[in-house]
1. So, with +1 on the Cβ of K and R and -1 on the Cβ of D and E, and no other charges, what is the size of the charge dipole of segment 62-178 about its Cα centre, to the nearest 20 debye?
2. Take Asn418, project a point 7 Å from its Cα along the Cβ direction, then tell me which residues of segment 314-358 have their backbone nitrogen under 17 Å from it.
3. Fewest to most neighbouring Cβ within 10 Å: what's the order for Arg200, Arg341?
4. Report the full-extension gain for the segment Ala425 to Lys152: residue separation times 0.36 nm, less the Cα-Cα distance, to one decimal in nm.
5. How far apart, in nm, are two points set 7 Å out from the Cα along the Cα-to-Cβ line at Arg129 and at Lys304?
6. Need the full-extension length gain, Glu456 to Glu271, defined as separation in residues times 0.36 nm minus the C-alpha distance. One decimal, nm.
7. May I ask what percent, to the nearest 5, of DSSP beta bridges between residues of the chain are antiparallel?
8. For the pair Ser107 and Lys163, what calculated FRET efficiency results from E = 1/(1 + (r/R0)^6), where r is the Cβ-Cβ distance and R0 = 25 Å, to the nearest 0.05?
Amino acid sequence: MGYSKSNVNHHGISFLSTAFVQLVISISLLVPLHVAASVPVGVGLTRLADFSGSQPFVNIMKQSRPWIYKRRENGRWVNVKESPSLSEFGYPTMLGDNEFVMTRFFSNLDGHYRSGKYRFTYKGEAKFRWDGDAKVIKTKPGEVWLEIAAPKQGFGLSISHVKVGAPLSDMDLRHETELDSKEVFTQPFIEGLSPFEIIRFMDWQRTNNSSVSTWNQRTPKQYYTQALPKGVALEYQIDLANQLDVSGWFVIPHLADDDYVEKFAKLLNAEYRSSKPLFIEYTNEGWNSFFKQSKHLCGIGASKKLSKNPKQACARAYSERAVEVLNLVKKHLKPEIKLVRVISGMAVSPTRTKNILEWKDAFKHVDAFAIAPYFGGTNHWKPVTKREEQSLKKSMNQVTAQYPLPHVLKNTASFIRNIEKELKAQKAITDQYKLKLITYEAGQHLVAYGGGKSVEATNKTFHAANRHPQMYDIYQDYLSVWEKVVGNEIVMYNYVEKSNRFGSWGLGEYDGHLCDYPKYRAVADYIDPIAGVCSGQQAKSPK
C-alpha cells in the first residue's frame, strides 16, 4: 500500500566490507542524525461523501450518498424533495409501485477504488437494482454478491417495492477481503493517518454552514450512511481518535445550544480514551463571510451593539460565545481529560486577534489561539476577467501559459517568506497573553476562483504544481519556517481530497500509495525522516 518500511531495499547488506561499514560509522559520528520533528503535526479530515478519495469505513454503506427519492408523476420519474417513509436509522420502511430510492458509491474517483467481489447483506424484503461498474453474480434472500472487474465510474443501488411488514435494516456492503473484519475503519485509512498526532474533525462534522442546534439533531451512529449534511456521528470520531491514540480536535456548531455542549462533554467523558489532549473549538472561521456562521455572529454583534465598527462587533460576538462554550465544556469534562480550549482568528489580521482576545478578557479562558497561515493564496494569483479573456483571442495553450508551471513553483516557494512576517506578528500577541499559537489549517492555497477558460487553465496548472516533486521541498521549507518561528502544533489541511476547481487541498488525492504524493511525503518525512511511513521513498509526480 506504499506505507511499509519493507519497501526499502536491504538486499546484499551481508556482503558489505568491514572497511565500508567502519567508514559509514565514522561518518555517522561526524554528521548529526535528522531526528523526528519536535513539533506535533496534525491533519484535518476531509468531508465524507461518496466522491471522497478517502474510504474510511469497512462497511461502504456508511459512505453512500443520501437517498435520492424518485416518484412516477404523469408517466415520468421525477426527483422528490420530501423523504419517503424511513426508519429511525434511515432505512426505507415502505416503497410502492411508483416510487424508489437510489444511492451511489465511489463517484467521480476515476476508478480509484478496489476491484474484485463485494458482498451486500441486509434484513427485510425489497427489490434491488445495481448499475455502473457493478455486475450481480449471485443473489439469495438477505445477500447479494457483486463483481467489479474494472473500476471506472463507481456504481449505484436502486431500491423499490419494500414489503409492508418487512422493512429494510442492517445494510452492509464490503469488499471480499474484509468479510470477517470486526474493524470499523479500513487499514489504508488507519495507516495513512498513522504519522499524525492530532486529527481535526471539522469537515467530518460538516461544521461550515451547519444547521445543527440541538443534541437530538446529530447523526446517530447506527444511521445507514454517515455522509450526511449533519456530519459523521460523534461516536465514530471519538472511536477513531481512540484507535489512533491521537488528540481529537472537535468543533462545536455555531448554532449549538448549551444542552448540546453539555451533552457533548458528557459523551467525551464516557467514550474519549485517547491518552492525548483533547482540543475543543467553537465553530470554524467565524470571521469568514462566505459561511453562515459568520453571518449569524455578525447579526448577534449588531443586535447587541457590541461595537460601532461592524467587523469589531462580529469579532466580539464570536469571542463572547466561544468563551461561553469553552467554559461549559470545561465545567462538565472530567479532569482526567487534558483539555485544550481553542479560539481562532485570521492569520493576516493581528487587529482581529486582539479584538477577540481582549474582549471581556477572553484570553483568560482559552489555552491556544489558532490561525491558518496559508501560502500562495488568491491575493497572489489574479486571473484575467471574462471581458479581458474575450479580448485576448488566444488559444487554450496560450491562456494556460499565463501561469507556466515553473513560474508557479518558483513563486509558490517565495511566498513562504511572507508567512514569517505573519507568524511573528501573531506570536508577539499570543506571547503577550501567554497563549500557544497553533494552526487549525495550514498548507498551500493555490486556487483561482471564477469562471472562464483562463480560470480553468490556471487551476489545471495549480493542480500540476501540487503534484510536482518540487512541492516536497516547498512543504519541507514551510514546515521548517513554522518550527523556527513558532514551534507549536501545526494541523495541515487536509488529509485526502481530489484536486478540483475549488483547490488542491489534500496532502494526497486517494487512499493507498500516499507516499507517491509529494505533499503527504514531505509532511510524513518531516514528522519522522528515519523510520516514518515514507522513509526511503523517492519523489514522484502522481497522475
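Nothing in this text is a laboratory measurement; each read-out follows from the coordinates by a stated rule. Keep in mind the model is a prediction, meaning the values are calculated, not measured. Note that we place each Cβ from the backbone using ideal geometry, even for glycine, and neighbour counts take in every protein chain shown.
1. Using only the charged Cβ atoms, the result is roughly 220 debye.
2. Inside the label zone: 346-350.
3. With the sparsest Cβ surroundings first, the list reads Arg341, Arg200.
4. The Ala425-Lys152 span can extend by a further 93.4 nm.
5. The two pseudo-label positions are separated by 5.5 nm.
6. On the way: separation 185, 0.36 × 185 = 66.60 nm, distance 4.58 nm.
Difference between extended and current length: 62.0 nm.
7. Of the beta bridges lying entirely in the chain, close to 60 percent run antiparallel.
8. E(calc), rounded to 0.05, equals 0.30.
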